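So the structure is just underneath, and the comments pick up after that.
Rule-based calculations on the coordinates, nothing more; no lab input. Source: prediction; values computed, not measured. Using ideal geometry, Cβ is built from the backbone for each residue, glycine included, and neighbour counts are taken over all protein chains shown.
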Amino acid sequence: MTQRKIQIRVASILLFAIVAVLTGLNEIPRSIAQNNASSVQQEKPFDQAQKLADLMKQIAGKENQPAEQVFKNIEMFKGVPAARLLRIMELGYSRSLGVNCAHCHVVDQWDKDDKPTKPIAREMAKMAQTINNDLLKNIKNLKGPNSIVNCTTCHRGQTKPALNLPDAAPKQ
Ligand code: HEC
Ligand code: HEC
């Protein structure tokens, strides 16, 4: 290659690089970075502690008012202080089933009954009440006096209560 040809090559490569920068080839990595940022935002895991803190702020000053006066769609917890309802949601429901709020709720639309698990939870509470009030009470000679079942009794951190002990391997 002659000296002149090499000079032309180098010049055209430089020109290409300059044009590339000016026409925004450098935008590509930036837009990829933006896409990543937005998908990271979408996939951000549900932060239950943060949601509970937000709700506590929303009901500030009304913590001890009956749930039905503070919230919109209360059938079961009438008369229960609003802050206590949130504790029940956290410990009695989420924890005992091994789930978070989103298992039963459209997050931030807490009054909606759109997810089947929410009405199921109401039916489950009725079932537990029937067991406690109508059945357990009538069994004689229990050690009691607090012979009751609650969500944890059956669920033990799972949505589907176990039928077998974990180590009950079938006999060969
Ligand atoms: C196992 C299902 C279940 C889980 C898990 C659950 N909830 Fe609920 N939640 C319910 C049911 C059922 C009601 C309706 C209670 C009633 O009828 O009195 C309710 C009611 C509520 C309400 C009142 C809404 C309104 O305006 O009527 C709020 C707020 C709420 N839940 C927040 C939460 C939060 C926060 C979590 C997570 C920490 C959570 N829940 C977890 C079933 C659930
Ligand atoms: C006597 C045992 C028992 C008690 C007490 C009980 N459950 Fe259940 N629960 C079950 C059984 C059994 C199922 C059905 C699991 C299956 O086959 O999918 C179930 C299913 C559910 C489901 C549906 C799970 C899913 O993700 O599909 C929800 C929600 C639920 N229970 C909430 C509750 C709540 C809230 C309480 C307390 C108020 C409660 N349960 C108390 C036995 C119980």
Going through region 85-122 in order, the residues found to be near ligand 1 (Cβ under 6 Å from one of its atoms) and among the acidic types (Asp, Glu) are Glu90, Asp111
So Leu85 clears everything in (1) more than 9 Å from ligand 2 (Cβ to nearest atom); (2) of a type in the set (A, V, I, L, M); (3) assigned to a helix (DSSP H, G or I); (4) out of contact with any helix residue (DSSP H, G or I) (no Cβ under 6 Å at 6 or more places or on another chain) except one condition, right? Which one?
(4)
Residues located in region 63-94, provided they are without any contact (Cβ under 8 Å) to a residue 24 or more places away in the chain and among the charged types (D, E, K, R):
Glu63, Glu68, Lys78, Arg84, Arg87
Restricting to region 150-160, name every residue that is part of a loop (DSSP other than H, G, I, E, B) and either touching a residue at least 12 places away in the same chain (Cβ under 8 Å) or surrounded by 12 or more Cβ atoms within 10 Å (Cβ to Cβ) (or both).
Asn150, Arg156, Gly157, Gln158, Thr159
Here the residues within region 44-68 that are away from ligand 1 (no atom under 11 Å from the Cβ) and assigned to a helix (DSSP H, G or I) are Lys57
Give the number of residues within region 104-117 that are surrounded by 13 or more Cβ atoms within 10 Å (Cβ to Cβ) and more than 8 Å from ligand 2 (Cβ to nearest atom).
5
Can you find a residue in region 135-142 that is farther than 22 Å from Gln50 by Cβ, near ligand 2 (Cβ under 8 Å from one of its atoms) and surrounded by fewer than 16 Cβ atoms within 10 Å (Cβ to Cβ)?
no
